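Working notes for the structure below.
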Amino acid sequence: MRNKTDIGRSAPLGATPGPDGTNFSLYSRSATKVELLLFDQADDARPSRVIELDPRWHRAYHYWHAHVPGAQPGQVYGYRVHGPHDPSRGMRFDGTKVLLDPYGRSVMVPQNYSRQAAEAPGDNAATAMKSVVTRCCDYDWEGDEPLRRSSSRTIIYEMHAAGFTRHPNSGVADGKRGTYAGLIEKIPYLLDLGITAVELLPVFQYDALDCPPDRVNYWGYAPVSFFAPHQAYSSRQDPLGPIDEFRDLVKALHKAGIEVILDVVFNHTAEGNERGPTQCFRGIENAVYYILESDRSCYTNYSGTGNTLNANHSVVRRMIGDSIRYWVQEMHVDGFRFDLASILTRDESGHVLPNPPVLWDLESDPVLAGTKLIAEAWDAAGLYQVGSFIGDSWKEWNGHFRDDARDFFCNTKGSLRRFADRVIGSPEIYGHQEREPEQSVNFVTCHDGFTLNDLVSYEQKHNEANGEENRDGTNDNRSWNCGVEGPTDDPEVEALRNRQVKNILTVTLLSLGVPMLSMGDEVRRTQGGNNNAYCQDNETSWFDWSLLGKHADVHRFVKLLTARRLLRDDAREHERMSLNRLIREMDKAWHGTRVNQPDWSDDSHSVGFTVNLGGDRGWLHLILNAYWESLDFELPQGGRGGESPWCRWIDTARPTPDDIVPWREAVPLDGLSYRAEARSVVALVAQAD
């Protein structure tokens, strides 16, 4: 045995090719035997070579390793790991299953892949996903590096990497629709829209069959690998193609000045609960990779998907850090949005840690300095940490902004005071931390829930197509259909919906914080009222490019908003000013229908806000009227006592193109009063004195 295969090294983990072969290393503390399997093709029912790792020579501490001469990039491989199968002790070894390498950089999915075969007893070699040896350093980046853009200059566009171009009317050729290469063709659209960062729904290799029968997992929140780009999103299906095509995408986006943020899932895997498949971690060291119940045969389920990754175990912690560093160093990714990030604060018993090691590891890693770290600061078990997530650099999805904006524009009693706080950066939530305003990522819609069009078109979810009798998806939508449920030809209802869409877009892009838009909201993309389209890999979820013509006015509206956002002064980029200090030093005033007399009562549904934009940029006066009737608002003197006239920049109640004009073409007004129509947002500007 030792004559055929070198002993190899325990580090680095995974498959590391060299000039004369590849070193393989795998962590497993409790295994009694490990077999390295080499395959010629992903569909092969039998490995072309089986290398049994002799623990006398091929094991150092808990690491199994071997150097295989001649194994080069493109080599397909997997493992069989033998050991006790004793679920009562948390042991779930199954030596009949082909397992992925947790550190595998590429994954091949056989055409006849079977999740069921990974769940059932017996050999599944023919139908198992398999890892691929990859090269890492011979890609021509042409001098590319992560962009490191300031958060104060960031506008995020959350999107599905495949769904953006999968529709037949996308204009992308059939072989590239729904791929990284197809997305490259649409970069001019993103550039024209004015966003500065794309936040891609999961692109780690995931199990598309991790969903109920006869459906497909479209969103991708079902990872099987934390290092490999999802194979199905690549137009190249050779073993190394997905890696280089993803790099091509990152490089092309960077050339356009657009950052790449990945939505990453380190809270669970596709292996599910105790009845789930054995694909990787479960069969390698189950009790290390997962948090188990006191009954060790069962998994904790803080993720709502069957299992919970044991993120603060030293081995799992290292894997998460190695993954993030890999995507930054080797794939040039600019940032990460951590799905259900509060799970990463839990220890192996599920208790919440005040200083979770895994989060501080990422926060303090010098390799990640300048990398955007964004937390979805809650989990599926009720832990909610918006405003209290740890760290000095973590940004947070502000779920309160979403809820309070929806409540305000639905005219919900008592919502005004809360929403006014959100507009100025949510100091009631974040002020105690002395952090920058950009700690808050402001959004009203995202992949999970109604689209913006559906938020103003439906009061009830309509998820019948998901096959769960409309039981899935949240019932807390805080939506209003403007008088008719679903599509309508009524011009008055349509006009009101269009206005509500523009209202929400305006406050999202003008409020303090980092704004985030959801794919297609700029053209009123609809999902027919489905607020949980995770299994709809079809026109329900895809970007419908015909909407660009149908709702050109909304598209134009967004472009002019983003253009103004990016004209903001750069002074704060050179001075780390806290939200509290910014608000203290901000020359601002709140108003009601009369100047300096805001009505903060629970029955109030309108407010005015004047703020000095700093330097020579003048003043902004916002009127937010969620009331069902028009109201006349007194205006302060232009420039707070100056003589500059107020000019109308935005009035969402006016027809296009008067709903918004380019910032420097704002229309002068006569007098110091403005009528804000029912359910409208008005933005007036005045030059500095």
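Read-outs: derived from the displayed coordinates by stated rules, not from any lab. Given the structure is predicted, the values throughout are model-derived calculations rather than measurements. Positions of Cβ are backbone-derived with ideal geometry, glycine not excepted, and every protein chain shown enters the neighbour counts.
Given a cut-off of 20 Å, name the pairs among K372/K559; K33/K97; K176/K559 whose C-alpha atoms lie farther apart than that in the structure shown.
Details: K372/K559 24 Å; K33/K97 13 Å; K176/K559 27 Å.
In this structure, K372/K559; K176/K559 exceed 20 Å between Cα atoms.
Report, to the nearest 10°, how far helix 314-329 tilts away from the longest principal axis of the Cα atoms in the chain, using its own Cα long axis and a range of 0 to 90°.
The angle comes out near 60 degrees.
Could you point to the residue in P655, S630, V667 farthest towards the positive end of the stretch 587-686's charge dipole, with +1 and -1 charges on the Cβ of Lys/Arg and Asp/Glu respectively?
With unit charges placed on the Cβ atoms, the residue in question is V667.
R346's amide H: which non-local residues (gap 5+, or another chain) put their own amide H closer than 5 Å, with H modeled 1.01 Å from N in plane and none for Pro or chain starts?
For R346, the qualifying residues are L353.
For F633, which sequence-distant residues (separation of 5 or more, or a different chain) have an amide H within less than 5 Å of its own amide H, given hydrogens modelled in the peptide plane?
Y674, R675, A676
Among A420, W397, Y27, whose Cα projects farthest towards the positive end of the dipole of the chain, with charges put on the beta-carbon of Lys, Arg (+1) and Asp, Glu (-1)?
Result: Y27.
Output ³J(HN,Hα) for the stretch 533-544: one whole-Hz value per residue in order, computed from phi by the Karplus curve 6.51 cos²θ - 1.76 cosθ + 1.60 with θ = phi - 60°, and x for Gly and Pro.
Once rounded to whole Hz, the list reads 7, 4, 10, 9, 8, 7, 5, 4, 9, 6, 6, 8.
Would you mind giving the three semi-axes, in whole Å and largest first, of the ellipsoid equivalent to the stretch 231-288 according to its Cα gyration tensor? Display every interim value, and only then the final one.
Details: eigenvalues 204, 49, 16 Å².
The answer is 32, 16, 9 Å, longest axis first.
If you fit an axis through the alpha-carbon atoms of helix 241-255 and take the longest principal axis of the Cα set of the chain, what angle between them do you get, 0 to 90°, nearest 10?
Helix 241-255 sits at roughly 30 degrees to that axis.
Output the Kirkwood hydrodynamic radius of the stretch 587-686, Cα pairs only, in Å rounded to one decimal.
Numbers: mean 1/r = 0.0739 Å⁻¹.
When all Cα pairs of the stretch 587-686 are included, the Kirkwood radius is 13.5 Å.
Using the alpha-carbon atoms, what tilt in degrees (0 to 90, nearest 10) does helix 552-565 show relative to the longest principal axis of the chain?
The helix 552-565 is inclined about 90 degrees to the chain.
Please report, to two decimal places, log10 I(q)/I(0) for the stretch 148-190 at q = 0.21, 0.24, 0.35 Å⁻¹ as given by the Debye formula with identical point scatterers on the Cα atoms and no solvent.
-0.66, -0.77, -1.26
Under 5 Å between amide H atoms, partner at least 5 residues away or on a different chain: which partners does Y299 have, H built in plane at 1.01 Å?
E274, E293
Do any chymotrypsin sites (Phe, Trp or Tyr not before Pro) in the stretch 227-295 lie in a DSSP loop with no more than 10 other beta carbon atoms within 10 Å, and if so, which?
Values: sites: F227, Y233, F246, F266, F281, Y289, Y290; in loops: F227, F266.
Of the chymotrypsin sites (Phe, Trp or Tyr not before Pro), not one in the loops of the stretch 227-295 has a Cβ with at most 10 other Cβ atoms within 10 Å.
Restricting things to alpha carbons, tell me how big the chain is in terms of Rg and Dmax, in Å.
Every Cα atom of the chain included, Rg and Dmax give 26.8, 93 Å.
Compute the convex hull volume of the Cα atoms of the stretch 1-130, divide it by the residue count, and report the result per residue in Å³ as a whole number.
On the way: hull volume 13.3 nm³, N = 130.
Spelled out: Cα convex hull of the stretch 1-130, divided by residues, is 102 Å³.
Could I get the Rg over Rh figure for the stretch 63-155? Both from C-alpha atoms, Rh via Kirkwood, rounded to two places. Don't jump to the answer; show the numbers that get you there.
Values: Rg = 19.1 Å, Rh = 16.7 Å.
Looking at the stretch 63-155, the ratio lands at 1.14.
Apply the Karplus curve 6.51 cos²θ - 1.76 cosθ + 1.60, θ = phi - 60°, to the phi angles in the stretch 493-500 and return the couplings in whole Hz, x for Gly and Pro.
With the stated coefficients, the stretch 493-500 comes to 5, 4, 5, 5, 4, 4, 5, 4 Hz.
Using θ = phi - 60° and the Karplus form 6.51 cos²θ - 1.76 cosθ + 1.60, what ³J(HN,Hα) does each residue of the stretch 19-24 get, whole Hz, x for Gly and Pro?
x, 10, x, 10, 8, 10
Using the per-residue mean of other Cβ atoms lying within 10 Å as a proxy for protection, in what order, highest first, do the peptides 6-12, 515-521, 484-490 fall? Show your work: numbers first, answer last.
On the way: 6-12: 15.6, 515-521: 25.3, 484-490: 13.3.
Top to bottom by mean Cβ count within 10 Å: 515-521, 6-12, 484-490.
The stretch 49-105: D in µm²/s via Stokes-Einstein (Kirkwood Rh, Cα pairs, 25 °C, 0.890 mPa s)?
Rounded to a whole number, D works out at 184 µm²/s.
Quickly rank 47-55, 601-609, 347-355 as a protection proxy: mean count of other C-beta atoms within 10 Å, highest first. Intermediate values should be presented prior to the final figure.
Numbers: 47-55: 16.2, 601-609: 18.1, 347-355: 12.1.
Output ranking for 47-55, 601-609, 347-355: 601-609, 47-55, 347-355.
Okay, helix-only estimate at 222 nm for the chain: each DSSP H run of n ≥ 4 adds -39500 (n - 2.57), divide by all residues, round to 500 deg cm²/dmol; what do you get?
Numbers: 15 runs with 138 residues, N = 689.
The helix contribution divided over the chain gives -5500 deg cm²/dmol.
Using a Cα-Cα cut-off of under 28 Å, which lysines could be cross-linked to K461, ignoring same-chain neighbours fewer than 8 residues away?
Filter leaves K413, K502, K550.
Computed from the mean reciprocal separation of all distinct C-alpha pairs, what Kirkwood hydrodynamic radius does the stretch 284-401 have, in Å?
Numbers: mean 1/r = 0.0678 Å⁻¹.
After inverting the pairwise mean of 1/r, the radius is 14.7 Å.
Report the full-extension gain for the segment D214 to S349: residue separation times 0.36 nm, less the Cα-Cα distance, to one decimal in nm.
Numbers: separation 135, 0.36 × 135 = 48.60 nm, distance 3.55 nm.
Taking D214 through S349 to full extension adds about 45.1 nm, to one decimal.
Treating only the Cβ of Lys, Arg, Asp and Glu as charged (+1, +1, -1, -1), what charge dipole size does the stretch 458-573 show about its Cα centre? Round to the nearest 20 debye.
On the way: 15 positive and 20 negative charges, 146 e Å.
Here the size comes out at about 700 debye.
Can you divide the C-alpha Rg of the stretch 326-475 by 2.2 N^0.38 Å and report the result to two decimal places? Please report the intermediate quantities before stating the final value.
Details: Rg = 17.5 Å, N = 150, 2.2 N^0.38 = 14.8 Å.
The reported ratio for this selection is 1.19.
So if I place +1 on the C-beta of Lys and Arg and -1 on the C-beta of Asp and Glu, and nothing else carries charge, what would the dipole magnitude of the stretch 587-686 be about its Cα centre? I want it in debye, nearest 20. If you can, show how the numbers build up before the last one.
Values: 9 positive and 15 negative charges, 53 e Å.
Once rounded to the nearest 20, the dipole reads 260 debye.
Using unit Cβ charges (K, R positive; D, E negative) and no other charged atoms, how large, in debye to the nearest 20, is the dipole of the chain about its Cα centre? It would help to have the intermediate numbers written out before the result.
On the way: 73 positive and 98 negative charges, 259 e Å.
I would put it at about 1240 debye.
Going toward the positive end of the dipole of the stretch 14-132, with +1 on Lys and Arg Cβ and -1 on Asp and Glu Cβ, which of S114, A126, T16 do you reach last?
Farthest towards the positive end: T16.
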